[in-house]
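Below is one structure, written out as C-alpha cells; comments come after it.
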Amino acid sequence: MFPVNNRYVYGVVEGDPIEFETDAVGGASVVYTISHRRLGAVVSDIDTTDPEETDEDATRHDEVLRRIMNDGDGRAVVPMQFGMAFESDRALKNVLRGALPAFRRALNDVEGRVELGVKIVRAEDADVDADAVTERIADELEPIAAQSVGNDLFSDRLVLNRSYLVDREDREAFDEAIARLEEDEDDLVVRYTGPFAPYSFVDVTIGAQR
Amino acid sequence: MFVLDDLLFRPFVGIVDAIHTIALDELYDVDGLEDELKENQLLYELGERSEEEYRRRKAELEDELEIAREVHERLASGRVEVKS
C-alpha cells in the first residue's frame, strides 16, 4: 500500500507490549508498541512524517489513547500531542533511549490518574463576579485534584477553563463537586469533559530531528 | 545623487514596510481566528448554536485561518512584496 517504515506515535507506556486493531491515524488499522527496554512507544504505520491534523484523525488519536488508559484497571500512558511521526524505528528508539528518565518520571506522575476538563461559561447576558466564581471553584475542586493547570480563556463567555489531574479513586468525589456547582450556580453553565489522557500534565517534548 | 536617493529612500521604505506588516497582522489575526473556532465549538456543545450554523461558521473560520497562516508564513520568509 505505502512504505510502512514511518511510525505515527500516540504515546508512551511501560511494561507489556500492546497490539490491537482499530481505525488508526492516517488510515492504518493496527496499533502496536515499539519498545526500548521497558518503555514502549504506541504507534501505527503512516505514509508521512508530517501528518495533517484533520478532525477525524485527531479523534482517532484520542480514542487510541483512551483505549489504552481504560485497558484493564487503567494503564498509565504519556500522551503525545497530535502529529508526531518518525521516519524509522531506529529514530524512534533513539528518542525513547534519550528521554528514558523523563518518560519514567512522567509515567510515574500520571499513574492511576486521569485528566478532566472544566469550563465555566457565563450564561448569555448574565453578570457574573468572575473572581468569586474562580475562588468557589478552586475551593471545591483543588482539594480533590492532584494537580491542575489553567487554560486559555478564548471567549469572553468563559469564566474559568482548567484541566485537573485526578486520581481514579477520587473521580466520584470530583463528579459530586461538579454536580454541586451545577446545582448552585444559575448564571453559569458547567462544561465538564473527560476523562482524557493527561495531555496537560506531561512535559516531555520529543522531536524527530533530535 | 544615487547615494542621496538611497539614504532618503531607505528609512521611508522601512517605515512603510513596518506599518504594512502591522496592518497585515491585524487583518490576518491567527490567534483571534483560533479563539473564534474554539468559541464556535463551545457554543455548539452548549446547545446555543445549531449544528448547521456551527458547521457553516467552522468552515468559514477554517478557510480564513488557512489564508491568515499562509500570509504570516510569507511575511516571515520575506516573500510578501510591499507595493506603494
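Any read-out appearing in this document is the output of simple, stated calculations on the displayed coordinates, not a laboratory observation. Because the structure is predicted, anything quoted here is derived from the model rather than measured. Please note: Cβ atoms are built from the backbone with ideal geometry, for glycine as well, and neighbour counts cover all protein chains shown.
Some points to look at:
- Euclidean distance between Cα centres, the range A:131-210 to the range A:35-82, Å: 23 Å
- Model label zone, A:Glu169; criterion: amide N under 18 Å from point 7 Å along Cα-to-beta-carbon; scope the range A:50-75: A:73-75
- Isotropically averaged projected area of the range A:6-111, using the convex hull of Cα atoms (one quarter of hull area), nm²: 6.0 nm²
- Between amide H atoms placed 1.01 Å from N, distances below 5 Å from A:Ala76 occur with A:Gly112, all of them 5 or more places distant or on a separate chain.
- In degrees, nearest ten, helix A:130-141 long axis to first principal axis of chain A (Cα): 60 degrees
- The convex hull of the Cα atoms of the range A:113-196, projected and averaged over all directions, covers 5.0 nm².
- Across chain A, the mean sequence separation of Cα contacts (distance under 8 Å, 6 or more residues apart), normalised by length, yields a relative contact order of 22 percent.
- Normalised by 2.2 N^0.38 Å, where N is the number of residues, the C-alpha radius of gyration of the protein assembly as shown stands at 1.24.
- A simple rule links phi to the HN-Hα coupling: the Karplus curve 6.51 cos²θ - 1.76 cosθ + 1.60 with θ = phi - 60°, which for the range A:69-75 gives 4, 9, 5, x, 7, x, 10 Hz, with x for Gly and Pro.
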